[in-house]
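Each reported figure results from applying straightforward, stated rules to the coordinates on display, with no laboratory input. All values reported here derive from a predicted model rather than from experimental measurement. Cβ atoms come from the backbone with ideal geometry, glycine included; neighbour counts cover every protein chain shown.
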Amino acid sequence: MNALPALSRAAVDEAVSTERRRLADSVADLTDEQWATPSLCAAWTVRDVIAHLTVTTRLTVPRLLRAAVRARGSFDRMEVALAAQRAAAYTTAELVAQLRESADSTRRFPGSTPVDPLMDLVVHGQDVARPLGRRYVSPPEVVAACLAYVARNRFMGGPRRLSGVRLVSTDTGWTLGDGAELRGPDVDLLLVAAGRRAGLDALAGPGTAVVAERLG
């Protein structure tokens, strides 16, 4: 394993701001049909994904606690419910405006790290763009940092999905892990690490079969 240069806190905050504006711009012209398109994120449409990304800077601790109780302690159910509430409460134009307005906010989900909102934006940018046949391009150093974070993040399931696999980035030469090689662009390795089967299409090596079985 070789190390990637870490992003400073200031660089992370700046990248979050840029990604929020970039994503808002990329969805501002979508039609109603495109907003209703299923995203790469299971159970969410494009609209739900954008609604989810407006929650982060607006969630208070009391509201979080109430949502957790209603979701019976399931983080996934809670996120789905919170996104659904905002998707139903606001128009698409309002959701785009809210995402753009939150660009410079450093508020984040309670208990999360500064990298979490950045990773969320980069992955969800792909979740939205790919089913629509669009390209969403984040800076290479940002994608690489998100990949290194998700691949090691047990809460997100990266280590479980990538167990017994050796990641090899064809962008930077970065490697992680031991076992069957899984090589390709950082953005596709990131999607696979985050549980998106669509990322496998651009990857190669015997590790593809190992990960494909786990992703179902």
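The ratio of the alpha-carbon radius of gyration of the chain to the globular-protein estimate 2.2 N^0.38 Å is 1.00.
Each DSSP beta bridge with both residues in region 140-215 is either parallel or antiparallel, and the antiparallel ones are about 40%.
Under the shape rule built on the C-alpha gyration tensor, where the axes satisfy a ≥ b ≥ c, region 6-63 is oblate, since a/c reaches at least 1.5 while a/b does not exceed b/c.
Annotation note: chymotrypsin sites (Phe, Trp or Tyr not before Pro) in region 116-216 located in DSSP loop regions with a Cβ neighbour count of at most 16 within 10 Å are F155. Is the shape of region 9-132 best called rounded, prolate or oblate, per the rule: a/c under 1.5 gives rounded, else a/b larger than b/c gives prolate, else oblate, with a ≥ b ≥ c the square roots of the Cα gyration tensor eigenvalues? Oblate shape, in that a/c is at least 1.5 and b/c is the bigger or equal ratio. Comparing R70, R166, R107, which has the greatest mean-square fluctuation in the GNM of the chain with Cα pairs linked when under 10 Å apart? Of R70, R166, R107, the Gaussian network model singles out R70 as fluctuating most.
How would you classify region 140-215 from its alpha-carbon gyration tensor, with a ≥ b ≥ c the square roots of the eigenvalues: rounded for a/c under 1.5, else prolate if a/b is greater than b/c, otherwise oblate? Rounded. Region 168-195 to region 11-44: how many Å between their Cα centroids? Using only Cα atoms to place each centre, the spacing works out to 24 Å. Summed over qualifying helices (DSSP H, 4 residues or more, each -39500 (n - 2.57)) and divided by its residue number, the chain shows a 222 nm mean residue ellipticity of -16000 deg cm²/dmol.
When the chain is treated as a Gaussian network with alpha carbon springs shorter than 10 Å, the biggest mean-square fluctuation among L200, L118, L147 belongs to L200.
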